[in-house]
Amino acid sequence: MVRVAVVGGGISGLTAAYRLRKRLGDTARITVCEAAPLLGGKLRTVELAGRPFDIGAEAFLARRPEGLALAREVGLADELTHPAAASATVRAGGRTLPLPRGTLMGVPATGDAVAGVLSEEGRGRVEAESRLPGLALPERDVSLGGLLRERFGDELVDRLVDPLLGGVYAGGADGLGLRATMPGLAAAVDAGASSLTEAAAAQLPASPSTAPVFATLTGGLGTLAERLAKEAAADVRLGVPVRALRMLPEGGWRLTLGAAAPAHAPQDAELDADAVVLAVPAPAASRLLADVAPAAAEALAGVELASMAVVGLALPPGTELPRASGLLIGERERRADGTPFAAKAFTFSARKWPHHAADGAPVLIRGSVGRFGEAQRLRATDEELLRLVREDLAELTGVTAEPVDAVVQRWGGGLPQYGVGHLDRVARVERAVAEVPGLAVAGAALHGVGVPACIATADAAVRRVVGN
């Protein structure tokens, strides 16, 4: 094998290209085709008030090994950093409160864990959950929101679980699957826990861990994409979408490049390869697999996507922020005038990350806008989004300082929704692709939307096309 095409230049595609280079050596021809004008996908670092600032993913789980290991492997160990001690807050019932500990993505082990965030009635529902009829889950997935509302009532979901899930999937519990999004909780029930509070208690550590939960890079996560691209030494083709994919009779693959068929196809409008790794969002992968793995294409077509936008603000040096790492906002929370907040979360980057907290530096903040099914909000212009986010910031925190710099980054269809049936859908994709030699898939639509999960899918894809 001397020629491999990687379709997609995000973290999954770049990791695949890097691993392929390591496995196949200097003589292999590795080509990365990326439809966008930049590599990195959602690892996007820009300059905001003269400082590197992430406007896509801003961190990755440090308690999964893949992200830390890859950063160290490509020489970025000195740039790894972890959040400061500031804790997050949540807007619940019209008040800004500390995010409670003792929960698993908002699912509490005891009623005391959510005291203050929930009303006394809501806390009572949590306490009573263990006395409900014993819980048994079907083998197939169930609606996370449906189960939580049945066992705990609406308040826990609306005030705590949905704001937390919104930061990961840009979707709420009602549209997500339990097994797909909280596999540990489901596993505890399968192992014999008779209630969700018992299952949550089984998953929480006996004593709080001192190990950091998240990590990032001081130069921005975009530096990881840059380093992977450099080490992969691939032929990178930017602004070049792959329009079609077909198997050749003699073996191998032919990729048709370009957004539309040209009247006179240039010599490089086709690319031949011995193997292909597809590391693109579900709709693009579905389209490319329609002829070569129709069962996989059909399954991927069922993956729904959420869009969102990140608004980066650089406030004047010395601007006082709340003493918290950030603020989560539930969909049902309202401004004083009764209208919904535009933002679903704020990250007080200058409080959260030590490298953004230098004396005399601009005070950096991220505001996130957009939930699944909330397309209307994102039709606003960049100027309007900036205004709405600043109004939310002022009402929620009292911070009204005029930004010295700002940026708006939209992520259309950026987050796949792990709905009921997602695990079965992914299994169908992987079974169908496994029957096709020299083909593999990777990316956020499979086994997790975070950076470590995407890296893991890339590693698996490379093992598939070059062998273990």
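Here, each number is a calculation from the coordinates, and none is a lab measurement. Bear in mind the structure is a predicted one, so any value in this text is a computation, not a measurement. Here the Cβ positions follow ideal geometry from the backbone for every residue, glycine too, while neighbour counts run over all protein chains shown.
Figures for the structure shown
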| quantity | calculated |
| --- | --- |
| Ranked packing of 24-32, 297-305, most packed first, by mean Cβ within 10 Å | 297-305, 24-32 |
| Rounded to the nearest 20 debye, dipole of the stretch 305-416 from Cβ charges on Lys, Arg, Asp, Glu | 400 |
| Principal-axis tilt of helix 11-24 within the chain, Cα atoms, nearest 10 degrees | 40 |
| Where the Cα pairs of the stretch 102-203 fall when distances are cut into 10 Å bins, in % | 17, 55, 28, 1 |
| Cross-link partners of Lys230 among lysines (Cα-Cα below 29 Å; sequence separation of 8 or more within a chain) | Lys22, Lys42 |
| Amide proton proximity set for Asp272, modelled H, under 5 Å, gap of 5+ | Leu255 |
| Cα-projected label distance for Arg23 with Asp235, points at 7 Å along beta-carbon direction, nm | 2.0 |
| Tail weight of P(r) past 24 Å, computed on alpha-carbon pairs of the stretch 153-304, percent | 61 |
| Peptides 73-84, 185-196, 453-464, 324-335 ordered by average Cβ neighbours within 10 Å, highest first | 453-464, 324-335, 185-196, 73-84 |
| C-alpha long axis of helix 222-232 to longest principal axis of the chain, angle in ° | 20 |
| Sequence ranges 86-94, 223-231, ranked by mean other-Cβ count within 10 angstrom, highest first | 223-231, 86-94 |
| 5 angstrom amide H check on Trp411, placed H, neighbours 5+ away | Met308, Ala309, Val310 |
| Viscosity 1.002 mPa s, temperature 20 °C, Stokes-Einstein D of the stretch 274-404 from Kirkwood C-alpha radius, µm²/s | 124 |
| Contour excess over end-to-end distance, with Cα ends at Ser194 and Arg334 and 0.36 nm allotted per residue | 46.8 nm |
| For the stretch 1-66, share of DSSP beta bridges that run antiparallel, in % to the nearest 5 | 45 |
| Acute angle (nearest 10 degrees) that the helix 451-466 long axis makes with the longest principal axis of the chain, alpha-carbon atoms | 20 |
| Helix-only mean residue ellipticity at 222 nm for the chain, each DSSP H run of n ≥ 4 adding -39500 (n - 2.57), per residue, nearest 500 | -9000 deg cm²/dmol |
| Considering only the chain, percent of DSSP beta bridges that pair antiparallel, nearest 5 | 70 |
| Label-point separation, Arg101 to Arg323 (7 Å along Cα→Cβ), nm | 1.7 |
| Under 5 Å, built H, 5+ apart or other chain: amide partners of Arg332 | none |
| log10 of Debye I(q)/I(0), alpha-carbon scatterers only, for the chain at 0.07, 0.12 Å⁻¹ | -0.38, -1.10 |
| Spatially proximal aspartates and glutamates relative to Lys344 (Cα-Cα < 15 Å; intrachain offsets below 8 disregarded) | Asp158, Asp162, Glu331, Glu333, Glu374, Glu391, Asp392, Glu395 |
| Computed FRET value (nearest 0.05) for Arg254 with Arg387, which takes r as the C-beta separation and R₀ as 60 Å | 0.75 |
| Relative contact order of the stretch 195-350, defined on C-alpha pairs under 8 angstrom at six or more residues apart (%) | 11 |
| Simple spin-label estimate for Glu73 and Glu127 in nanometres, 7 Å along Cα-Cβ | 5.1 |
| Backbone HN-Hα couplings from phi across the stretch 327-342 [Karplus 6.51/-1.76/1.60, Hz, Gly and Pro as x] | 9, 9, 10, x, 4, 8, 6, 10, 5, 4, 8, x, 8, x, 5, 6 |
